[in-house]
Structures are given as structure tokens and as C-alpha cells.
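Structure, as C-alpha cells:
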Amino acid sequence: MSYDDQNIFAKILRGEIPNDTVYEDDHVLAFRDIQPQAPTHVLVIPKGAYVSFDDFAENGSDEEFAAYVRAIGKVARQERVAPVAGGNGFRMISNAGEDGVQEVPHLHMHILGGRRIGRMIQPPRE
């Protein structure tokens, strides 16, 4: 999967599509999901053109990588889902590629919380 600069997140980063920003710095943008799957559902994206986490890990700078990881923690604390901020916990999900059911070819981490999320993967039926 190659980077498509016409994907919805690239358009959000360019200001072509509005968003509900909850955090931003030089390397990261975090905003509320327009179809939330939990009371707290925030997407955290790097501002660089990275398709997936493996692309980012291989090609992102140390500064971008540190900023991204720290931003995820900041957002979880800010949204009060992080246990260290008095929350009951959260789930981070990043889909990659076809088998991972990635819909937008721009790295994004979902932060979901505010309720019990449930099991992530069900065991296969025999």
C-alpha cells in the first residue's frame, strides 16, 4: 500500500476538511472520530506521510516517533481514560494493510475509552 496524498487524513492535515481537534503539536494531530465507537474515540495521526506503523517505524525520525508516542499518552490523560489520570483504561488500535482492515492509508491510532470495550479478538470456533 502506497501513500495516497488525497486520503481523508491528508486533507484534514491540509485544512481542506474540518475536524474536532483535541491535541496538536509540530508532529502530531489528534481529533475526535466522526463515527465514535466508544464515549471517547480519538484518532492520533502523525503529520508526516506514513501509511502504517511499520512504515513510520522504518522511515520516521526519532523526533517524530517520540512526539507521536508522547502525544498518545497526553491524549489518553487529557481525555481522562488513562489510569494515571483517574480513568478506567483505554484501548489503542492501529490497523495496517488489507488483513488488518486499514481503511485510510495514513497511520492512525484509535484511542477508545469511557466504557468497557470488550474482548479484542474472539477465539476461533471449532
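Things to note:
- Rounded FRET efficiency, nearest 0.05, which uses the C-beta distance separating S2 from E103 and R0 of 22 Å: 0.90
- Under 5 Å, built H, 5+ apart or other chain: amide partners of V28: K47
- If you model the chain as an ellipsoid using its alpha carbon gyration tensor, with each semi-axis the square root of five times an eigenvalue, the axes come out at 23, 19, 14 Å, biggest first.
- Backbone HN-Hα couplings from phi across the stretch 50-60 [Karplus 6.51/-1.76/1.60, Hz, Gly and Pro as x]: 10, 6, 8, 4, 5, 4, 5, 4, 7, 10, x
- Relative contact order (%) - the stretch 8-113, alpha-carbon pairs under 8 angstrom, separation at least six: 30 percent
- Derived scalar couplings between HN and Hα for the stretch 106-111 equal 9, 3, 8, 10, 8, 10 Hz in order, rounded to whole Hz, by the Karplus curve 6.51 cos²θ - 1.76 cosθ + 1.60 (θ = phi - 60°), x for Gly and Pro.
Each reported figure results from applying straightforward, stated rules to the coordinates on display, with no laboratory input. Just so it is clear, the model here is predicted, and its values are computed rather than measured. Here Cβ is always computed from backbone atoms with ideal geometry, including for glycine, and neighbour counts include all displayed protein chains.
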